[in-house]
Structures are given as structure tokens and as C-alpha cells.
């Protein structure tokens, strides 16, 4: 009823002594060698693409170096803006002081324009007459 079938393996040989052994490489090893070659090609091509993109991101237009330059430019311009806005606020406060404070108006007129009041006298020393560049009164 049951017949026993003999199974023959093509890759298997009869037992032998240790010095007389022959190893046969299975077919799936050959396929993995092909797959290894494909994976190496894919790995190296991806590496080249990533390297190229990295170089482009670093050195070309719109890259990291240009980004750093623009950040430095923005920080320098913002510092300049703060300095100018501070100077503007100081000038505004000085203008308001000039408009409202009569003593400050007189002081500025005396210092910058050489104006004297009606009850004041101008006294000139000989040193001032010898050196006309040192005069404080532009009318003399």
C-alpha cells in the first residue's frame, strides 16, 4: 500500500572522509551576491547624492554660508536701528525742553550764538584780541 520513494538530493553527496570533502555553494548564495552588488551601488549612489546636496546647501546661493551672512547683517542693522531710535528719542526730548524751558533757551543762545542779555557786558581780554579764532562773540 505505501511505497517508499527514494529522494535524491542533487547538492548532497555521499559521506566522505574529512580530507576528501567537497562543498557546493547553494543557489541562494549566488543571488545574494547579486543583491549585495545592487545594494552597494544603491548605497554609493545615495551617498553621492547626499554629499552633493550637502555641498550645495553649504556653498551655493541660498546656502548656509549666505544664511549666516544675512543673519549677521540683520543683527548689525537691528543694533543700528536701536541706536538711531535712542538718538531720536533723545532729540525729541531735547526739542521739547527747548520749546518749554526759557532758561534752557537762553543758555543755548548764549553758548551757541553768543547772545548776551541787555544787562550784561562783554569783556574782552588781550589774549582774545590776539587770537581772533578764540572769540566767543561773533559780532566783534
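Laboratory data are not the source of any read-out in this text; all were calculated from the coordinates shown. Computed from a predicted structure; not experimentally measured. Reconstructed Cβ throughout: ideal geometry from the backbone, glycine too, with neighbour counts over all protein chains shown.
Equivalent ellipsoid of segment 34-85: semi-axes from √(5λ) of the C-alpha gyration tensor, largest first, are 45, 7, 4 Å. Between residue 115 and residue 87, the contour length at 0.36 nm per residue exceeds the Cα-Cα span by 7.3 nm. If R0 is 25 Å, what FRET efficiency do you get for residue 56 and residue 36 from their C-beta distance, rounded to 0.05? After rounding to 0.05, the efficiency reads 0.25. In this simple spin-label approximation, residue 78 and residue 45 carry label points 7 Å from Cα along the Cα→Cβ vector, and these lie 4.5 nm apart.
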